[in-house]
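The values are calculated or read from the model by the stated rules, or taken from the named source; none is laboratory data. The model shown is predicted, which means the values in this text are computed figures rather than measured ones. When we count neighbours, we look across all protein chains shown, and the Cβ atoms used for this are built from the backbone with ideal geometry, even at glycine.
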Amino acid sequence: MNVLCDSKKYYYPSPPTVIVKIKAIASRRLALEITSIRFLLSMLLRHIVFVSLFE
């Protein structure tokens, strides 16, 4: 019984931290993707504006 409690104490803190790490990594990647998409869209818009201005 004592060993079971010890194993619970030992293993319980591990999964939440792993989930938090995964969430942090995922959110960071998502943020990077969003910023890169925004950057690409802004570049595309600038390109369209330049093309329409200089035609």
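Here is a list: K9, K21. Which entry is surrounded by fewer than 10 Cβ atoms within 10 Å (Cβ to Cβ), out of contact with any Asp or Glu (no Cβ under 7 Å at 6 or more places or on another chain) and either at pLDDT 90 or above or of a type outside the set (S, T, N, Q) (or both)?
It is K9.
Is it the case, given these coordinates, that L30 is aliphatic (A, V, I, L, M) and at pLDDT 70 or above?
yes
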